[in-house]
1. Do we have Asp301 as acidic (Asp, Glu) and over 21 Å from Ile14 (Cα atoms) here?
2. Can you name every residue in segment 151-178 that is basic (Lys, Arg) and farther than 16 Å from Val215 by Cβ?
3. Give segment 1-30 a look and list any residue that's hydrophobic (A, V, I, L, M, F, W, C) and in contact with a Lys or Arg (Cβ under 6 Å, 6 or more places away or on another chain), or say none.
4. Arg296 - would you say it is within 19 Å of the chain's Cα centre (by Cα), basic (Lys, Arg), in the same structural domain as Gln216 (by TED's automatic domain parsing) and assigned to a helix (DSSP H, G or I)?
5. Take segment 158-172 and flag every residue that is crowded, with 19+ Cβ neighbours inside 10 Å, modelled with pLDDT of 95 or more and outside any helix (DSSP H, G or I).
6. For Val284, work out the one condition from (1) free of Cβ contacts under 8 Å to residues at least 24 places away in the same chain; (2) not in a helix (DSSP H, G or I) it doesn't fulfil.
7. For segment 141-155, indicate whether the set of residues that are without any contact (Cβ under 8 Å) to a residue 24 or more places away in the chain, out of contact with any helix residue (DSSP H, G or I) (no Cβ under 6 Å at 6 or more places or on another chain) and closer than 27 Å to Glu89 by Cα is non-empty.
8. Restricting to segment 135-157, name every residue that is part of a loop (DSSP other than H, G, I, E, B), buried (at least 23 other Cβ atoms within 10 Å of the Cβ) and out of contact with any Lys or Arg (no Cβ under 9 Å at 6 or more places or on another chain).
Amino acid sequence: MNVVLAGGGTAGHIEPALALADALRLRDSSITVSALGTARGLEVTLVPQRGYELDLIPPVPLPRSLTLDLAKVPLRLRGSVKAARAALEKRGADVVVGFGGYVALPAYLAARRRIPVVVHEANARAGLANKVGARYAARVAVTYAGCGLDGELVGLPLRPAISGLDRSARRDEARAAFRLAPDRPTLLVTGGSQGARRINTAVTEAAPALAAAGVQVLHATGAKNAEDVRRALAANGFSGEEPPYVAVPYVDKMELAYAAADLALCRSGAMTVAELTAVGLPAVFVPLPIGNGEQRLNAVDVVAAEGALMVSDEELTAAWVGANVVPLLTDRARLLKMSAAALAEGRPNAADTLADMVISAAGR
């Protein structure tokens with residue numbers, strides 16, 4: 001069976017696709033998986049790194065809503081669909097699995113009436129490409145009910161290192177890896193791969209209050225913000241030695257960061273929410289204040305289940321951190337209750353469930 005994945009541009013599209021690829025390869029080594037992408041997306045690096053072949057097609061940026069720009073899409077699509085069709089023929093595709101974004105729509109149109117299509121929607125609000133693909137897909141999988149697609153509730157496919165993580169069993173190893181104390185309450189701070197200036201500012205200004213409460217911090221600053229964070233900590237007269245405040249540009253093994261932490265302070269992208277609930281790590285979500293509000297929607301269910309808190313970007317300040325995050329981190333009973341609630345919202349088996357759907361669709 002030959003499976004072609006279509007989901008490029010951002011890690012939010014690529015990582016679920018690669019998690020599915022891994023699940024298919026583990027299921028049956030005879031399954032061949034390749035991917036479609038564009039030359040300007042992260043897939044150019046991420047897909048080959050994971051051992052999968054990549055075919056490039058011209059990008060077709062899609063408007064996020066029904067605007068006049070939508071009228072220009074058909075002309076832009078023509079060459080991209082032609083390239084996608086050639087790639088599908090070259091790979092002998094038995095099924096196309098789309099995850100939205102620039103790459104998915106050309107792939108859906110190239111496969112239409114020729115090859116079965118499976119659509120996966122990661123966000124709480126479906127994108128335009130997946131709305132189109134879902135109209136004639138053999139199967140539709142969604143991460144959130146009410147996202148705008150009539151699909152099967154599957155969750156977001158995750159890497160085995162995340163979906164199979166036992167945080168308690170790896171806590172000592174993880175804290176040692178980041179030079180953290182083994183027995184202090186630990187806050188993980190991350191704004192994603194690029195970092196988040198608002199989160200960085202609030203936490204660095206709150207560093208003395210966190211330290212006074214005995215809280216240690218693992219702070220993934222984002223590479224472009226690393227020096228700013230170092231200067232901000234120094235300006236606050238904070239050494240970060242005891243309790244430890246470990247600031248790193250990025251974390252390449254997030255499973256260890258999750259194992260080390262008792263609480264995360266972070267954005268609420270679909271991947272982040274899925275990973276934190278899968279491993280049962282409580283969170284304070286700070287939705288990105290741009291776009292169509294999807295980050296807030298991504299976190300609504302876990303917040304309602306009391307597995308997380310939510311604060312708006314503009315309300316996140318050092319004072320808010322001191323008043324809300326510090327007492328939470330020193331309340332072990334509440335953290336354990338939140339962890340159980342978050343875990344109940346997680347779907348760690350999403351990759352296997354989606355793999356079953358793909359194999360079923362290919363069999364048609």
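1. Yes; evaluated as a whole, the condition is true for this residue.
2. Arg159, Arg167, Arg170 - these are the residues of segment 151-178 that are basic (Lys, Arg) and farther than 16 Å from Val215 by Cβ.
3. Val4, Leu18, Ala19
4. For Arg296, the condition - within 19 Å of the chain's Cα centre (by Cα), basic (Lys, Arg), in the same structural domain as Gln216 (by TED's automatic domain parsing) and assigned to a helix (DSSP H, G or I) - is met.
5. Of everything in segment 158-172, those that are crowded, with 19+ Cβ neighbours inside 10 Å, modelled with pLDDT of 95 or more and outside any helix (DSSP H, G or I) turn out to be Leu158, Leu165.
6. Among (1) free of Cβ contacts under 8 Å to residues at least 24 places away in the same chain; (2) not in a helix (DSSP H, G or I), Val284 violates only (1).
7. no
8. Ala137, Pro157
The values are calculated or read from the model by the stated rules, or taken from the named source; none is laboratory data. Quantities reported herein were computed from a predicted structural model and do not represent experimental measurements. Heads up, the Cβs are rebuilt from the backbone with ideal geometry, glycines too, and the neighbour counts pull from every protein chain shown.
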